[in-house]
1. For the stretch B:636-711, build the convex hull from the C-alpha positions and give me its volume per residue in Å³.
2. I need the per residue convex hull volume for the stretch A:55-181, using only the alpha carbons, in cubic angstrom as a whole number.
3. Extending each Cα 7 Å along its Cβ direction at B:Ala142 and B:Leu710, get the distance between those two points in nm, one decimal.
4. How crowded by other chains is A:323-334, given as the mean number of beta carbons from other chains within 10 Å of each beta carbon?
5. Treating the beta-carbon of each Lys and Arg as +1 and of each Asp and Glu as -1, no other charges, what is the dipole magnitude of the protein assembly as shown about its Cα centre, to the nearest 20 debye?
6. Is there a quick way to get the dipole size of the stretch B:191-353? I mean about its Cα centre, with the Cβ of Lys and Arg at +1 and of Asp and Glu at -1; what is the value in debye to the nearest 20?
7. Taking the 0 to 90 degree range and rounding to the nearest ten, how far is the long axis of helix A:412-435 tilted relative to the main principal axis of chain A, both from C-alpha atoms?
8. Quick check on the stretch B:303-398: what does the Kirkwood estimate of hydrodynamic radius come out to from the alpha carbon pairs, in Å?
Amino acid sequence: MSTDAQHQNLRPPWILGNKSLSDVSRDICGIFERKPTALWWIAFLVAASMLAVGSAAMIYQMATGIGTWGLNKTVGWAFDITNFVFWIGIGHAGTLISAILFLLRQKWRTSVNRAAEAMTLFAVMCAGLFPLIHMGRPWLFYWIFPYPNNRGPLWVNFRSPLVWDFFAISTYFIISAGFWYMGLLPDLATIRDRATSKLRRWLAGFFSLGWDGSYRTWVRYESLYMLLAGLATPLVVSVHTIVSWDFATSVIPGWHTTIFPPYFVCGAVFSGFAMVLTLMLIARKVVHLEDYFTHRHVGAMCKIIILTGSLVGLAYLTEFFIAAYSGNPYEQFVFINRAFGPYSWAYWIMVSCNVITPQLLWFKRIRGNLMIVFLLSLVINVGMWFERFVIIVSSLHRDYLPSSWAMYTPSLIEVLTFIGTFGLFFSAFLLFCRFLPMIAMAEVKGVLREGHHAPAPAPAAPVRAAQEVEA
Amino acid sequence: MNPYWKSPTERNPEHSDEFAPGPAPFNRRDFIKAAGFTVFAAALAGCQRAPIGKIIPHDKAPEELIPGTAVHYASVCHGCEAGCGALIKTLDGRPIKLEGLPAHPLSKGGLCAIGQASLLGLYDSLRFQQPILDGQPATWDAVDAAVKSRLNNVRILTRTILSPTTRAMIQQFVDAHAGAKWIEYDPLSSSAIADAHEQTHGTRVLPRYRFDQARVIVSFGADFLGGWISPVEHTAGYAQGRKLDDQTAWHAQFESTTTLTGSNADKRYRLAPGETGAALTQLAARIAQKAGAKFDTAVTGHDLDEASEKLWHARGHSLVVCGEQDVAAQALVNFINDLLGNYGHTLDIAAPSLQKRGDDNALAELARELNDGKVGTLIIAGVNPVYDVALPVGKARYVVCVAQRADETTAKANVVCAETNEFETWSDAEPVSGVVGISQPVIVPRGQTRALIETLAAWLGKPQSAYDIVRGHWQEEISWEKAVHDGFALIERKPVAVKSFDRSVVKSVTAAAGGLTLVGYAKVGLGDGRQAFNPWLQELPDPVSKVTWDNYACVSVGAAAKLGLTEGDVVRIEANGAAVELPVYVQPGQHDDVVAVAIGYGQQMTKRFADVGPKWIQRNPTLGANCMVGVNIAPLLPVGKLVAPGAKLVKTGTRRELASTQTYHYITVPEKLAPAGGLVRPCIQETTLAEYRHDPAAGIHKHHLPKEDLYPPDHKYPGRQWAMVIDLTKCTGCSACVLACQVENNVPVVGRDEVQRRRDMHWMRIDRYYKGDGDDVTVAHQPMLCQHCENAPCEAVCPVLATVHTEEGLNAQAYNRCVGTRYCANNCPYKVRRFNWFNYRHDDPVENLVLNPSVTVRTRGVMEKCSLCVQRIQEATIVAKKDGKLPADGVIQTACQQSCPAQAIVFGDRNDPNSAVAQARKNPRHYLVLEELNVRPAIGYLTLVRDRAGKNHETHKNAG
């Protein structure tokens, strides 16, 4: 026991409150087994209204034309692709937490991985919307799928990064969804076992794929989980790399940059962690997950934010250096214009939000103040949206021929569409909180100190499930 | 169940109840039905107008006519009174494009934007379809009877009538009615030039200016490339005179506004409008001194030494022109030209121009008569004097208008005689003495209209068709068949009685009082405004300001700084006892004491544009607060003049943003944002004449391009490879190509709001760049269109292969494959791709008749851009293939190339070493825009060579 005590001193527990296994099931399942609170209803109604407004804007845009956006002959992408990259980036934290941190045996991930994966799915849904609706003729979107068709020998252009995008995003969505669902299986079984209503019991039972909690099930589950984590790991890098190629393979100064893939991936992880923090800090307070999502979790995530934020800052500097070093006057102009031209306000918002803000997290006292961390995470989200806006709009609006230089201002429809994607994201997330465990119970149970000092081990859900199957 | 019968006899009619006419039971219900049907059918039939002619031409097709194959008719352009030759392309009986007539002795194959756009007037659905008597549609018989009974004390008011037949007819009409008078006036008057010649040469003529003969051109405010007298003829001559050889013409422009002509000058001087006379006096004094002639003013300091030196040096081959409506100043111009011996060389008064015959004095006299109530019947034909000069037409006892569409004047007329459109009738033109154009109808007239000559003939009691009248007129003088075929004929010109130069009338002129002056000018797109109803012209960017759809108050950079004005500030301009409110446009290069405003705006007929452009929630109206396009400034200007001294300008505090197709104006990047050495963008590569003579490749930016690519070339061009070369030295920026492209390729009109959102659709645009600071600027024009790159950035990024390379080197756009990601447009370094943001206006079925059926009308959501007129390439190739050949070089002409008055565009197969384009690509002046990107454009440019000071070149050196 003395070694245990030492051990305990060396490694403080990730989950506070001296939880037993059944405490975990009760705490986490309790969130959605209770009736929804007024707060949830208000939040859901707001989110659903945003979604409704955004949908109306999208329908109007599709019925009338892309002209209802603020784009012009010089700036052909702006809000649409900014939002696309923004949402795709948000998603990256989920995959990183669930796959890479799993492979690296980072135990703290267990408290956030479920919510982060759900966030990934919803963010990718929001992101995927934009390539679709930004088309001039969205009803022909399926023309970018390469499949045997009867439209003559028409095939897609495999040289186009937009086709790569299609593959990257669809792969990403499928893998993320599969990974998320696979991770849910033991928890679904727990829900099934705790269910009091027939419907819930039947649904959870159906979707838990007959989980029996046996040793063999666990072994297979864990090997599959490991494999999927291995499969998802390259996606963390590949998706945003390919998204960055949308820009990097072009000839537009400010886009045509080899640094884009790592720069975009860092930015994506950066923004994704900020978004996970935003969501989890709210959830922590609202559904009382203080014991599960602790200061230590926040601290670990803040450290990743410091790292990725600094890498993003380094990328900003590198871009400027390369522009100066290249001797290419077009390239040089784009960067000077970014910092001091008509969109300099956006540039400086980006720099102050993304480079300066995360440096505050070096201080433990700031990391310890969750209110400040929450505010900083919002600031980073804003900054990362502006990063994409700056890259897209400030490069396009003044490129080679001064005769074509133009300004871009978003239209009402564009702003409403963007708000609509937030509506979609939060509606989906709130529904997720209502119907599924926000925290991966099975995994959290694995990092409890169960068996070390708990006086009487509570019957663990998987065990009970196994008994039921036997019965 | 009728059984088949085997023989007629077997078929017993008695057994056949089907065909048996049984007793018809006609009951009450059937009666009501039948009666209802009959009444309804009769009512329907009664609603229709009785057929008045064949509405489907070629019901029985003429033998030589092949459906779908265009027929070109040589004719005359009626866009203004320059009388250029035109080729009318008709397809299946409807004219769809107006082009230049290559063989024409004046226009030499070019045609300006206004001329080409005049075709849309034919398809104007708001044109009068029948005569109107006292506000009600009437028959011609009723109208003729009404007019004929009131033909006393007649005044006929027309603009310059180019047609000798019409002139003869009007004269006959005037002769037949005692006390009748005929007055001609021009909204863009050149009356003072004619008046000055009456004083100095004893005959009221307008000389024909031969810019092709001039080696030194000094112009005082005459925008001869833009809207002055005969711009196409002048541009053709100017381009010829400025050919880069030992005798390249030198051009100095003294002007108060920044005109298109001034933007092309080698040397441009800013001159206050009141100083023109004084400057001419000084020039005259200098020339007189050199010529040893007497002149009443001594030489004093002025910026005229270089100009006078060059003029004197090139005497006999120099030319001084002046756009000022001031007889004394024009007399000085005559004096200078006479001293220089230019008459007979660069000014032709033996075969004078007949393009401007308006007489401002006669117009003033008519106004007096009207005010005194002395006019009985006022017949106004083809002009809008109520708008142009606020003529009090209501004071005539009876007002008869011969017009095609409703305007301010027809609103006050007792009778409106619906005039036949010029494309629907026979007519003729004699723009320059001895050059006669024959204009033939190319479509069946729509509605019950009559040409002016037919109307006058009817009122003279000898009704005749226009064909008979015109043909009858020329019976003796020309070979009719040939003239109709050629579109023109050269006839014996009438001798002009010229007296020897009378120097006694030439007086020196002193400078007028300074202060702010309002200067009216004609926009290159709209001219005097007679085609204000024409959406193509309203949307044509002004070649200098690049603003569409409005007129505006141009102030210089200096004046704007002094008055605290920025672009879009609405100012109130007061002059001549009237006031207007207009947004400001800051125009570099203008004189500080000038506020310049385009005429021809604010017309009633522009109210039709209320609905132009796409409809959506955040749209802004095209029309201004007055429900019209622009504001009429005619009340602020003295009659016949475009200059109003003593103007006042007050900032109102409101704003109206202008719809401009180019919002950044300089060739340089903003100085505070410029990287070291990268201030100038080398898209315009220019040099001075001296440098060019030293080294023809001067001014070219050399780039280190890879000798070999890592990858083998994507495309081999085994057959033809299309290319184009545009000579920036020849190009004046007149924008004829922009309109030609629009007509040829069904480019939609999008309206003011869309242009303001930077969504203009023109496939061909002309980039205009200023270089220099403040108002000390030089100007360059650069036609910019799809560059048809060999390594096209757009092609690589399209996910659905909607834009691909053809084996003949065209960058082709497949509209029906496009899904509209706009990636191609983003990735285009030249930003020449145009996106259909909405379904653009094609809702007028009459106007749609002008669409070119060879070119797809694009729907919303697809990208489009220049195709190098692929339909023309195909058409010519198919024709040539019948003979087993390829079309010869020069047979295929793109629309922009065809109409270019300066012939600055060469197009052809660069794989044919003898083709003009292959030769042009070998020209040392040839360069590619953004060559350093290695996208390998098929469109090349020849350097801009101006005889400007070395300053420009130095700037470039620094930049390079």
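1. 336
2. Dividing the Cα hull volume of the stretch A:55-181 by its residue count gives 153 Å³.
3. Each label point lies 7 Å from its Cα, and together they span 8.1 nm.
4. Shielding by partners across A:323-334 averages 4.
5. So the dipole magnitude of the protein assembly as shown works out to roughly 3740 debye.
6. That gives the stretch B:191-353 a dipole magnitude of about 280 debye.
7. For helix A:412-435, the angle is close to 10 degrees.
8. 16.6
Values in this text are rule-based calculations from the coordinates and carry no lab data. Note that the structure is predicted; figures quoted are calculated from it, not measured. A quick note on method: Cβ atoms are made from the backbone with ideal geometry, for glycine too, and the neighbour counts reach across all protein chains shown.
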